[in-house]
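The values are calculated or read from the model by the stated rules, or taken from the named source; none is laboratory data. Bear in mind that the values here come from a model prediction, so they are computed numbers and not experimental data. Cβ: placed from backbone, ideal geometry, glycine included. Neighbour counts: every protein chain shown.
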């Protein structure tokens with residue numbers, strides 16, 4: 001049986017039905033919530049099943065969702081309910097994961113700047129720890145000597161296999177800040193000696209990057225990690241028991257037309273196929289495996305929707321001014337070539353717009369000229385009150401707001417629809433994060449301190 005793959009048309013149908021229901025139920029009321037975000041709860045389940053199905057069932061694999069991609073606690077709880085673990089990179093993400101119900105054996109801690117307190121707490125609780133550098137290894141030495149457990153500890157390698165098309169998202173360049181640079185003079189020998197001196201170092205971690213990183217480049221990094229683990233085990237058989245392969249699946253958010261023959265590309269199965277071809281030793285049963293997929297789990301399962309507040313023409317170009325901009329899509333506003341997004345046009349009732357297409361800018365509310373979701377994009381002519389939808393934003397967009405202009409964070413709703421796509425009945429919404437109030441904006445900017453003085 002081929003691996004399960006989420007249906008793009010089904011997801012698009014659920015999205016459109018949810019948008020119509022949100023408009024009808026006032027969730028996009030121009031006076032109350034002119035911008036909101038939505039999470040496809042059924043889509044999360046589909047994606048989790050596709051991820052698990054892509055990996056051979058005979059292997060011991062923990063799929064630890066990268067919390068940075070979407071740390072909303074209800075989202076993390078939903079992922080936990082579908083059998084995933086969680087990879088965290090800060091005290092805040094760890095607290096969010098714990099609030100979502102993850103137990104220590106399902107958690108992995110990564111970060112290049114862990115404090116002694118973070119390390120001590122993680123080791124004491126039995127959370128997996130990936131050590132970033134030799135100085136951090138010395139700290140863990142002291143903690144282990146002091147009695148802290150070291151059941152799942154490894155070192156992150158930088159295999160230095162090269163960069164993808166987005167340098168900021170690539171983590172295996174020659175001077176990348178993460179991990180021990182394996183090809184730097186003397187480092188491989190020093191790291192091998194470190195493992196042989198510490199029988200409790202039983203894992204190896206690598207992450208080459210995701211967005212902009214070809215699957216073959218990712219596999220080259222994983223291959224370097226497996227080769228190093230084999231080298232350790234030749235000296236001390238059975239010491240390294242697991243490989244944390246990181247993430248590594250990019251998402252093509254610039255494309256993905258909502259048509260009957262649309263397909264996800266690349267898929268989790270594509271990633272596994274490339275790994276099988278390039279790193280067959282990963283699949284021979286010698287190692288337990290951890291993955292850290294983030295964007296590829298959540299991106300397709302969320303969308304933003306915003307009302308058009310005004311339209312204008314400037315220099316002959318039409319501009320639609322909306323309430324969704326850099327505060328929810330900072331990467332797209334600042335680096336549109338690397339982070340393009342699709343924009344879809346709907347009427348005020350949430351139905352696909354039938355207006356005549358023409359080139360338009362779709363702009364946000366922030367006070368700088370680059371606050372654009374799309375530039376000269378051919379779209380149905382937008383008018384005041386219409387809705388724009390930005391699909392594929394379930395990762396790194398509304399879950400990681402940018403507080404430019406002190407704009408409040410928008411509400412986030414999970415949604416579920418009836419099984420019958422023709423059923424226009426009730427769409428059930430669940431509030432995942434309440435809209436931030438202006439009083440809360442004042443409080444997070446220090447206003448409460450002034451009031452109490």
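Worth pointing out:
- The number of residues in the range 198-224 being out of contact with any helix residue (DSSP H, G or I) (no Cβ under 9 Å at 6 or more places or on another chain) and in a helix (DSSP H, G or I) comes to 3.
- Residue match in the range 304-326 (condition: in contact with a helix residue (DSSP H, G or I) (Cβ under 7 Å, 6 or more places away or on another chain), over 25 Å from residue 429 (Cβ atoms), modelled with pLDDT under 95 and surrounded by fewer than 21 Cβ atoms within 10 Å (Cβ to Cβ)): no
- Residue within the range 426-435 that is assigned to a helix (DSSP H, G or I), surrounded by 13 or more Cβ atoms within 10 Å (Cβ to Cβ) and either out of contact with any helix residue (DSSP H, G or I) (no Cβ under 7 Å at 6 or more places or on another chain) or free of Cβ contacts under 8 Å to residues at least 40 places away in the same chain (or both) present: no
- Exactly one residue among 14, 20 is buried (at least 21 other Cβ atoms within 10 Å of the Cβ) and assigned to a helix (DSSP H, G or I), and that residue is 14.
- Residue in the range 107-124 that is assigned by TED's automatic domain parsing to the domain that holds residue 206, within 20 Å of residue 158 (Cα to Cα), assigned to a helix (DSSP H, G or I) and over 22 Å from the mean Cα position of the chain (by Cα) present: no
- Within the range 34-67, the residues that satisfy the criterion of being touching a helix residue (DSSP H, G or I) at 6+ places or on another chain (Cβ under 8 Å) and in a loop (DSSP other than H, G, I, E, B) are 55, 56, 59.
- For the range 129-143, the condition holds for at least one residue, the condition being that it is in a loop (DSSP other than H, G, I, E, B) and modelled with pLDDT of 75 or more.
- Condition check for residue 201: surrounded by fewer than 23 Cβ atoms within 10 Å (Cβ to Cβ), at pLDDT 95 or above, closer than 22 Å to residue 281 by Cβ and over 20 Å from the mean Cα position of the chain (by Cα): yes
- Residues considered: 270, 284. Of these, the only one that is under 21 Å from the mean Cα position of the chain (by Cα) and either without any contact (Cβ under 8 Å) to a residue 24 or more places away in the chain or surrounded by fewer than 23 Cβ atoms within 10 Å (Cβ to Cβ) (or both) is 270.
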